[in-house]
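Only one structure is covered here, and it is reproduced in the block below.
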Amino acid sequence: MELSDRDHALVSALAEGLPLVSHPYRAVGAQLGMDEAEVIGRIQAMRDGGVIRRFGIIVRHHELGFKANAMSVWSIPDAVVSEVGRRLGDAPEVTLCYRRPPRLPDWPYNLFCMIHGRDRAAVEEIVAGLVRRFDLGAYPHAVLFSTRRFKQTGARYGRPIPRAAAAE
């Protein structure tokens, strides 16, 4: 799908978050010189074209009382890591799940799951529950708790370099 300058402006505006008003798409459109119907239509066209895969929210979990945040890291054999990752990623307690190569010999972990809880004990119980539910007891894992929060935002995308300029 070829994106227009208006599409790029819309994506940039959406990345800043929707305003908390009764007609957020109308408000975004007003910033961009579009009406509400055009904003909704362009979003739908970008979804249909595969440019936008999902549309979600970022919850500032710390402000909601979820003060314990941990990355649960796992060393899962390559033969089953994709299946285990899918299952963990589908678990409602897991807010983020991804695979990375291990960095041997010091870092054997290849699967990472973010978990939030009201306190450390709650997170530890969630991890123990995942171990039981998905029969993961045989796989080495660790729970790494956050100690500081530096940034919490959605993705930000700059305007791509035009093809002609990129070739120079």
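The values are calculated or read from the model by the stated rules, or taken from the named source; none is laboratory data. None of the values given here were measured: they were computed from a predicted structure. So basically every Cβ, Gly included, is an ideal-geometry build from the backbone, and we count neighbours across all protein chains shown.
A few remarks follow.
- Options 82, 72; residue that is closer than 25 Å to residue 142 by Cβ, touching a Cys at 6+ places or on another chain (Cβ under 7 Å) and touching a residue at least 12 places away in the same chain (Cβ under 8 Å): 72
- Contact map, segment 86-109: residues that are surrounded by 11 or more Cβ atoms within 10 Å (Cβ to Cβ) and at pLDDT 95 or above paired with residues that are acidic (Asp, Glu) and part of a helix (DSSP H, G or I), Cβ distance under 9 Å, separation 6+ or inter-chain. Pairs shown: 97/90.
- Members of segment 121-143 found to be outside any strand (DSSP E or B), surrounded by 14 or more Cβ atoms within 10 Å (Cβ to Cβ) and either touching an Asp or Glu at 6+ places or on another chain (Cβ under 6 Å) or of a type outside the set (Asp, Glu) (or both), listed by number: 122, 123, 126, 127, 130, 131, 134, 136, 139
- If the condition is being more than 17 Å from residue 12 (Cβ to Cβ) and touching a Lys or Arg at 6+ places or on another chain (Cβ under 9 Å), then segment 26-36 contributes 35, 36.
- Of all positions in segment 19-26, none carries a residue that is at pLDDT below 95, in a helix (DSSP H, G or I) and of a type in the set (A, V, I, L, M).
- Taking residues in segment 6-35 that are crowded, with 18+ Cβ neighbours inside 10 Å, and partners anywhere that are small (Gly, Ala, Ser), the pairs with Cβ atoms closer than 7 Å and at least 6 places apart or on different chains are 28/13.
- Residue 55 vs. criteria outside any helix (DSSP H, G or I), surrounded by 13 or more Cβ atoms within 10 Å (Cβ to Cβ), within 21 Å of the chain's Cα centre (by Cα) and hydrophobic (A, V, I, L, M, F, W, C): no
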